[in-house]
Amino acid sequence: MAHYELRKVTFAYPEQASLALSDVSLSIKPGEFIVICGPSGSGKSTLLRMLKREVSPGGRMSGAILLDQVPLQEWPARELAAHVGLVMQNPDNQLVVDTVEHELAFGMENFGIPRDAMRRRMAEMAGFFGLEPLLDRKTDELSGGQKQTVNLAAVLMLQPKVLLLDEPLAQLDPLAARELLGMIKRLNEEWGITVIMSEHRIDELLPLADRVVRMGHGRVLFEGDSRAFALEA
Ligand code: ADP
Ligand code: ADP
């Protein structure tokens, strides 16, 4: 399914003396909802990008990352791309084509998935996310919340087992953030997708998270369930 094992992962960006990640060990079980918190610069984005093998190739890494018992570097790129989805903070950086419909189709077209399978999947996604009325709309005319919803739906078209979310709520107003969060929780509960999400507005997330990881200066400073986190904070 989707089990991550990180063993003493240390990472430095090219030409940076300081470590972006330092001795990070974590085990993430299939179906878990994990929230990663910590101040800006603490390594949250780097950690998420490492889980999808998307950090600067010139960086220095030590330690190991295993996904389903297989070292991450041995995963074929296509399989990894389909298995692990990534949503970033700013949807504008991820929306690539003109309309909502084309955006949803984009990933599957790249993978050469047959058209009727794509149509079925698109109907399912549009239904789940309430996007049917928006399919013909241009993505650049949507609200921030709608854009992020399209972004999430587009990532899910490929049926990933793991969803990595890098502060996906940061640019949304409170109502849009709550709606998106509700959808993320449903994906986790109803579809069993493993969710690994970074966020600094941790309070709203505590009731949803199975586990909280707090980062500081590239290290894991705390790891535990939300009850233990609330006591510690
Ligand atoms: P966040 O806190 O959301 O990770 P940042 O403002 O730290 O965002 O980073 C924004 C972008 O700048 C990211 O793409 C990140 O990789 C890049 N970045 C951050 N710090 C540095 C740095 N010291 N040198 C080069 N690029 C950086
Ligand atoms: P966070 O997501 O918690 O804000 P990041 O993972 O973005 O933290 O950053 C961790 C550290 O790595 C910071 O010191 C940041 O400046 C540095 N960093 C991030 N991206 C880059 C990059 N592309 N090049 C160089 N340094 C970076």
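The values are calculated or read from the model by the stated rules, or taken from the named source; none is laboratory data. These figures come from a predicted structure and were not determined experimentally. Note: ideal-geometry Cβ built from the backbone for every residue, glycine included; neighbour counts use all protein chains shown. Each accessible area value is taken on the protein alone, full model and side chains, heavy atoms only, with ligands, DNA and RNA left out. Shrake-Rupley method; radii C 1.70, N 1.55, O 1.52, S 1.80 Å.
Tabulated data for the structure shown
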item: Yes/no for residue 163 being modelled with pLDDT under 95, open to solvent by less than 60 Å² (accessible area, probe 1.4 Å) and away from ligand 2 (no atom under 16 Å from the Cβ); result: no
item: Index of the failed condition, residue 79 passing every other in (1) open to solvent by less than 50 Å² (accessible area, probe 1.4 Å); (2) assigned to a helix (DSSP H, G or I); result: (1)
item: Which numbered condition residue 196 misses (of (1) closer than 25 Å to residue 28 by Cα; (2) touching a Lys or Arg at 6+ places or on another chain (Cβ under 9 Å)); result: (2)
item: Residues within segment 41-58 that are outside any loop (DSSP other than H, G, I, E, B) and open to solvent by 70 Å² or more (accessible area, probe 1.4 Å), tallied; result: 1
item: Residue ID - most open to solvent (accessible area, probe 1.4 Å), chosen from residues in segment 4-40 that are closer than 27 Å to residue 82 by Cα and out of contact with any strand residue (DSSP E or B) (no Cβ under 7 Å at 6 or more places or on another chain); result: 29
item: Where residue 113 falls short, out of the listed (1) of a type in the set (A, V, I, L, M, F, W, C); (2) more than 16 Å from ligand 1 (Cβ to nearest atom); (3) closer than 30 Å to residue 173 by Cα; result: (3)
item: Tally of residues being open to solvent by 60 Å² or more (accessible area, probe 1.4 Å) and either within 15 Å of residue 193 (Cβ to Cβ) or of a type in the set (S, T, N, Q) (or both) across segment 118-142; result: 1
item: Contacts under 8 angstrom Cβ, first residue in segment 213-233 being open to solvent by 80 Å² or more (accessible area, probe 1.4 Å), partner not in a strand (DSSP E or B), 6 or more apart; result: 217/42; 217/43; 219/43; 221/38
item: Given (1) buried (at least 17 other Cβ atoms within 10 Å of the Cβ); (2) within 16 Å of ligand 1 (Cβ to nearest atom), index of the condition residue 170 fails; result: (1)
item: Enumeration of residues in segment 166-207 that are more than 22 Å from residue 131 (Cα to Cα) and modelled with pLDDT under 90; result: 200, 201, 202, 203, 204, 205, 206, 207
